[in-house]
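Here's the structure we're looking at; comments come further down.
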Amino acid sequence: MNLKYYKKDSKQHTRNYAYLLDGQGSGKKILLTDIELHRKNNELLWICLDYHLEESIDLLKSLKLEEFATKILQEEETRPRSIISDNYILTILRGINATEGDESEDMVSVRIYIDENLIITTRHRKLLSFHDMRADILNENAPRTSAEFFIALNYKLLERIDDAVEDIDKNLDKQEDLVSDSDTLDCRRQIADLRREAILIKRYISPQKDALSKIYLEDHKLFNNKNKLYLRECIDKLQREIEDLDSFRDRSSVIHEELDNKINEDMNNKLYFLALITIIFLPITFLTGLFGVNLGGIPGSRGIFSFFSFCIILGLVILLTVFLLYKMKWFK
């Protein structure tokens, strides 16, 4: 294996790491330079790589996997799916994005290769599920086989997805409670963001369920009956998450309808108020317009108290109009 890249940049080196699993629930971190030695001894290894780094490509080539598997482990854009061979299983899944400044619904693509003695995971962005797996290994709670590792990692991915789905649920509950009190425009924007988040997460976990189902239905030597029971539980949990996300879409639509009704009601009330003002002032507008013409012979034009008398008449007209509207039950 060409090690020139590993001596160049220690920061890049930390993005790639490897663990030796003893098959008894324990494990330890090993140097990437020792991978070949442990491979020769047929020991169970987990190798995690950032496929954007040149040294990762170099290491993958040194492992001498099938060319097709090596290519998939380095692909930039992938949808969740499973590729099953006689000797290995290659699965592309998605996990919640934990990169600072990024959105959680912009999910991280992770590729998982497993055979009897080798586990390879590749990703580019930060994935907290890998940190959880590393903690389990160091706490002597390591998977005993590659199939157990695959299932454990799926559970870790699902925990993070479940947290994201639960956050959407809580935020929707909050928006439902604030529909009548909060600013309508701000509420509509937040509901739209939550709906978009739910749609994007569902977009990835729906094919993820199909990818796991394909492995479950396959009679592969890596998975025994016990493994399949746990895998079935992962699939059922994914189905529940999908159903929750579907319900979020329906709930957000109902909230949008309520907001639209609120906007329409507010608009109607404002138009109703303007209509009342118009009706009240229409008679006095007619009178002021009639007496405001600059023509001779207008009654009271020379009287001392004509203006005050006219104002009193206008006031009485307003009171009479209001009284008639009240009797007609126009006031709510």
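Readers should treat all values here as calculations from the given coordinates under stated rules, not as data from a laboratory. Fair warning: this is a prediction, and the values are worked out from it, not measured in the lab. With ideal geometry, Cβ positions are generated from the backbone for all residues, glycine too; neighbour counts draw on all protein chains shown.
Hey, fewest Cβ within 10 Å first, where do TRP46, TRP330 land in order?
Listed from fewest to most nearby Cβ atoms, that is TRP330, TRP46.
Compute the angle between helix 225-291 and the longest alpha-carbon principal axis of the chain, please, reported from 0 to 90 degrees and rounded to the nearest 10. Here the helix axis deviates by roughly 10 degrees.
How far is helix 306-327 tilted off the main Cα axis of the chain, in degrees rounded to 10, range 0 to 90? The angle comes out at about 50 degrees. Placing +1 on the Cβ of every Lys and Arg and -1 on the Cβ of every Asp and Glu, with nothing else charged, gives the range 71-228 a dipole about its Cα centre of roughly 720 debye.
Taking other C-beta atoms within 10 Å as the exposure proxy, THR70, THR278, THR122, THR145 rank THR278, THR70, THR145, THR122 from fewest upward.
Of the beta bridges in the chain, as assigned by DSSP with both residues counted there, near 80 percent are antiparallel. A DSSP coil position with no more than 10 other Cβ atoms inside 10 Å describes the following chymotrypsin sites (Phe, Trp or Tyr not before Pro) in the range 252-310: PHE305. Exposure proxy for SER82, SER56, SER253: other Cβ atoms within 10 Å of each Cβ, ordered fewest to most, give SER253, SER82, SER56. What's the local net charge at ASN87, with K and R +1, D and E -1, over the other residues with C-beta under 11 Å away? My count for the surroundings of ASN87 gives -3.
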